[in-house]
Each structure stands twice: as C-alpha cells, then as structure tokens.
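A short reminder: the numbers here are calculations on the coordinates, not readings from a lab. Every value quoted in this text rests on a predicted model; they were computed, and no experiment measured them. Counting neighbours? That spans all protein chains shown, and the Cβs are built from the backbone with ideal geometry, glycine included.
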Amino acid sequence: MIRVLLVDDQIIIRQGIKSLLESQSDFEIVGDVENGKEAIAQVEILQPDVVLMDVRMPIMDGVAATGVICQQFPNVKVLILTTFDDDEYVSQAMRLGAKGYLLKDTPLEPLVNAIRSVYAGHTHLGPGLLQKIITPISDSIPSSTPPVPLEFAELTPREKDVLRLIALGANNREIAQSLFIAERTVKNHVTNILMRLNLRDRTQAAILANTFLQFLDDDNLNSIDFLRPN
C-alpha cells in the first residue's frame, strides 16, 4: 500500500485528487493539508511514502517545503503536482530533492503511474519538462559537440554501474554497498560522470539516465544515432 499525503491550498483540488487516487487499490490517502508548513508537520506525524505537493501556497510554498522534507525525511518521496511549469520551479524543486514534477492536467493513469514510479525510487517528469532542465546544459555546449546521450559511450563500465544506480535514486552509501566499493570511490565516479556528461549535479544525472537508461548498455550504444537532432 502506498501512503500518500496531499498538499494543495485549494480544498476542491485536494478532494478531487483524493477521490481519484482512492479508486486505486494500492493507494491510501493518509491526510491532506493546505500549505508547506502543515505538510512538514504532517509528514513527521504520518510518515507517508509519497507527498503530492503543489507549488504556490500561502504561509510556505511547495518548493521550500520540498527542501525541508527531503532533508529531514529522506525516506519520504515528494512528487510536485502543480499548474506552473516555470523553468525555475522545475529545476529548483528537483535540485532540492523532489523525485518528480507533473502538471495538474495530467490524466489519471499517468498520475498514478508517476506516484508508483517515485515510490519505487525513480525520477519522473511530465511531458516536456525534461527539456526545461536539459536545455540549459545543451545551451552551454558548443554546437559542434554531439548531443549529451552520445557521451554515454565514453563512460567506463564502473561509471555506467554508478549511473544506473543514481537513476534508481540510490545515494552514495547505497551505491557503495551495492557495488562493494568505498563511498569515497563512488564520489569520485559521480564527479567523473558529471564532467563527462556536462551535467551540473546528480539530479540532472538521474533525470538524464532515467530517460536514456537503455543506452547505458554497450550493446545498445550503436543505436543512439536516432537521438541526433534533425
């Protein structure tokens, strides 16, 4: 059972989402609140698995609340659900630890699939939102440089292993335990990955890896050509 806390300043929105999600046999709505401050308090009390978080709310907005929840309650996954797709909101929320970002016009099936995905530790962005994070990276790369996914071919086998685990939401300690290497070694691999792929941080690495995960296998690298811009 996936325990969900709803955070939105409009009660009619909370009631509507609650009604939709309760139609799913594997969801339990453990509470609903109207601002980020109340969300933090209820996360501590209710210990939900996933927080469905709006962005613009009184008293404390959803982005600020996301940062606090992700820092203080690392086992709780935050999925942003809002009407705002501003570049700054998307990138800041993901940077602060949100596992996903969706717009409120998302149909029911993609919404429940997204909740299940972030619950499982994956990063999930709605249609068109990935570009809002990747575009600043692409803009900083000379036009003669191949698209970022092509750089996967330059990763070492161990770096690919680390990147796969980053895509699954694992932290450095979990990666070290999974690969039987030192946590300091993991940090070095992460630094190398960011440099090779021209990425700013591990959040961007996780999003990019989730999108192009199939190309992390050597057998598939020859299939990347279709990703080149027309």
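Structural remarks
- Given charges at beta-carbon only (K, R positive; D, E negative), |dipole| of the range 15-69 in Debye: 180 debye
- Theoretical FRET efficiency, 1/(1+(r/R0)^6), r = Cβ-Cβ of Glu44 and Ile11, R0 25 Å, to 0.05: 0.65
- Gain upon complete extension [Lys187, Asn75; 0.36 nm per residue less C-alpha separation]: 38.2 nm
- Oblate is the label for the range 41-120, because the ratio a/c of its alpha-carbon gyration tensor axes (a ≥ b ≥ c) is 1.5 or higher and a/b is not greater than b/c.
- Here the mean projected area of the convex hull built on the C-alpha positions of the range 1-136 is 7.1 nm².
- 5 angstrom amide H check on Val33, placed H, neighbours 5+ away: Leu6, Val7, Asp8
- Gain on full stretching of the segment that runs from Met195 to Lys104 - 0.36 nm per residue minus C-alpha separation: 29.3 nm
- Formal net charge of residues neighbouring Met1 (Cβ-Cβ distance under 11 Å; K, R +1; D, E -1): -2
- Net charge of the neighbourhood of Met53, taken over other residues with C-beta under 13 Å away and scored Lys/Arg +1, Asp/Glu -1, is -1.
- In Hz, Karplus ³J(HN,Hα) per residue of the range 110-124 (6.51, -1.76, 1.60; θ = phi - 60°; x = Gly, Pro): x, 5, 5, 5, 5, 4, 4, 5, 5, 4, 7, x, 8, 9, 9
- Amide H partners (placed H, <5 Å) of Gly100, local residues excluded: Ile80, His124
- If R0 is 30 Å, the Cβ-Cβ spacing of Met60 and Ala153 corresponds to a FRET efficiency of close to 0.10.
- Amide H contacts under 5 Å for Ile2, placed H, 5+ residues apart: Phe27, Glu28
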